[in-house]
């Protein structure tokens with residue numbers, strides 16, 4: 001059964017900048033994870049269900065209009081989870097609407113935590129490294145338009161690979 005995820009890709013040059021930063025602080029998983037805002041966390045879906053999933057995602061995308069994202073500063077989920085992230089300063093409600101639209105039907109998943117759109121920059125690292133990431137990217141800022149999201153499939157060798165792109169609106 002393939003493991004899938006659904007996410008908004010962060011565009012260049014910020015995707016590489018944030019992925020390179022994540023790698024530089026020792027987060028070795030970063031090389032296999034494109035920089036993104038998660039809509040659906042990793043979930044296993046039967047091969048026979050993939051057509052239904054792709055139809056559902058196309059329908060969900062058509063119901064949501066393009067929107068803008070403004071990333072600014074850092075946040076953390078500590079002490080609950082050892083994660084430091086870049087904060088979504090504008091576009092939070094749009095991400096929530098989109099995430100809600102895709103987490104229905106064949107992708108109705110229970111979340112371990114309430115949905116909070118963000119861009120992970122350090123995960124499962126020692127506290128001093130998480131503190132450093134929090135401080136060093138505190139002034140990070142970028143803006144971009146979101147006109148699509150992608151379905152990703154996990155490959156054991158290559159990591160997370162986008163397989164389908166869904167245009168909004």
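The values are calculated or read from the model by the stated rules, or taken from the named source; none is laboratory data. Here the structure is a predicted model, which is why all the values come from computation and not from measurement. Cβ: placed from backbone, ideal geometry, glycine included. Neighbour counts: every protein chain shown.
Take the conditions (1) assigned to a strand (DSSP E or B); (2) touching a helix residue (DSSP H, G or I) at 6+ places or on another chain (Cβ under 7 Å); residue 106 misses just one of them, which is (1). For region 4-28, filtered to residues that are in a loop (DSSP other than H, G, I, E, B) and in contact with a helix residue (DSSP H, G or I) (Cβ under 8 Å, 6 or more places away or on another chain), the residue that is surrounded by the most Cβ atoms within 10 Å (Cβ to Cβ) is 10.
Listed here are the residues, each with its yes/no results for (1) over 14 Å from the mean Cα position of the chain (by Cα); (2) in a helix (DSSP H, G or I).
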| residue | (1), (2) |
| --- | --- |
| 70 | yes, no |
| 75 | yes, no |
| 80 | yes, no |
| 98 | no, yes |
| 119 | no, no |
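Only one of the numbered conditions (1) in contact (Cβ under 8 Å) with a residue 12 or more places away in the chain; (2) exposed (fewer than 15 other Cβ atoms within 10 Å of the Cβ) is violated by residue 156, and that is (1). Of the residues examined, residue 98 is not one that is modelled with pLDDT of 95 or more, surrounded by 15 or more Cβ atoms within 10 Å (Cβ to Cβ) and under 24 Å from residue 28 (Cα atoms). Would you be able to say whether some residue in region 113-130 is crowded, with 20+ Cβ neighbours inside 10 Å, under 26 Å from residue 52 (Cα atoms), in contact with a helix residue (DSSP H, G or I) (Cβ under 9 Å, 6 or more places away or on another chain) and touching a residue at least 12 places away in the same chain (Cβ under 8 Å)? Yes, some residue in region 113-130 is crowded, with 20+ Cβ neighbours inside 10 Å, under 26 Å from residue 52 (Cα atoms), in contact with a helix residue (DSSP H, G or I) (Cβ under 9 Å, 6 or more places away or on another chain) and touching a residue at least 12 places away in the same chain (Cβ under 8 Å). If the condition is being surrounded by fewer than 16 Cβ atoms within 10 Å (Cβ to Cβ) and in contact (Cβ under 8 Å) with a residue 12 or more places away in the chain, then region 101-111 contributes 104, 105, 109, 111. Checking each residue in region 45-62 for being surrounded by 12 or more Cβ atoms within 10 Å (Cβ to Cβ) and not in a helix (DSSP H, G or I) picks out only 45.
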